[in-house]
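Working notes, structure below.
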Amino acid sequence: MPDEQMPEQEIPELAVPEPDALNPEFRSGFVALVGRPNVGKSTILNSICGEKVTITSNKPQTTRHQVRGLLTTDEYQIVFVDTPGIGKPRSALGKKLNKTAMEAKGSVDVVCFVIDGRTGFGRGDEMLAQSLDPEKTVVVLNKIDGQKPEHIMAQLTKVSDLGASAYFPVSGWTGKGVPDLVKHLVDRIPKGPMWFPTDLVRETPDRLWVAELVREQLLRVLRDEVPHSVATRVVEWEWPRIRVEILVERNSQKGIVIGKGGQVLKEVGTRARKQLPEETFLELTVSVDPNWQQDPAGVERLGY
């Protein structure tokens, strides 16, 4: 894994290939996944790309950056932009995540508005829908696995008033309905060049990817009241040695993250290492950064 710089939050300006290098029938474009927290945007993206390109958990604010995953064939390349869940901000971090998500929808060809098919279309979804351009919006009703057909139809009927260009019931978990959604998106993106190499699936710098893998395991291991207060960042990268700093807001949280006899930290490290190359030496440390979520400068300092 080479060392890389931390990512920019906006889709980068890319150099356009020479016209004679283009396949005139090739299609390429950007698609944003937006929605409320915990609607399953990241799970859908992983399903579409066929491998893990972004972390997932059952907790809000799992996604904190714009994460790009690529689906490339001989006929097309779609760059999917996964965004943080948009909700009522309760901190400087929440405000920044909302801003990050809202910025993404303005610079893409298609917006997939993801709605939780189990809880249904709620007031928060309605408020978000008001900011979307119906003509370039595709409604994706996720989590239909285990749902009765009549429930799915009732939810689709409820969101039909949005006037979106298309509606797709899917399950990011099982993959049901995902191929039909992808086919529709291919038809929607314009003809254009291949922006990224054919073998690239995850357009995330290695430093950020490793930090996020550690945070994902923290989300899975820790109790509910701690994850929102946790941030991770790589502070040392001398391959294959990597040191990741875990930041919490209070000393009591530091004890929870470390665990009795260091057991929690050890489990997190073991889980994260399983997703990294075998030769990786991963070291985890824990520090206290008081109330970093409430401090705009602290949020910025941590790369959000």
Is it the case that ARG188 is among the basic types (Lys, Arg) and in contact with a helix residue (DSSP H, G or I) (Cβ under 9 Å, 6 or more places away or on another chain)?
-> yes
Inside segment 209-229, can you point out the residues that are in contact (Cβ under 8 Å) with a residue 24 or more places away in the chain and more than 17 Å from ARG271 (Cα to Cα)?
-> ASP224, VAL226, HIS228, SER229
Return yes or no: is VAL186 under 28 Å from VAL138 (Cα atoms), part of a helix (DSSP H, G or I) and in contact (Cβ under 8 Å) with a residue 24 or more places away in the chain?
-> yes
Considering segment 196-218 alone, what residues qualify as being crowded, with 20+ Cβ neighbours inside 10 Å and either over 18 Å from THR56 (Cβ atoms) or in contact with a helix residue (DSSP H, G or I) (Cβ under 6 Å, 6 or more places away or on another chain) (or both)?
-> ARG207, LEU213, VAL214, GLN217, LEU218
Please enumerate the residues belonging to segment 282-300 that are within 27 Å of GLY262 (Cβ to Cβ) and either outside the structural domain of VAL244 (by TED's automatic domain parsing) or at pLDDT below 90 (or both).
-> ASN291, TRP292, GLN293, GLY298
Of all residues in segment 203-254 being part of a loop (DSSP other than H, G, I, E, B) and of a type in the set (D, E, K, R), which is nearest to GLN77 (Cα to Cα)?
-> GLU203
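The values are calculated or read from the model by the stated rules, or taken from the named source; none is laboratory data. None of these values were measured; they are calculated from a predicted model. Every residue, glycine as well, gets a Cβ built from its backbone with ideal geometry; the counts of neighbours run over all protein chains shown.
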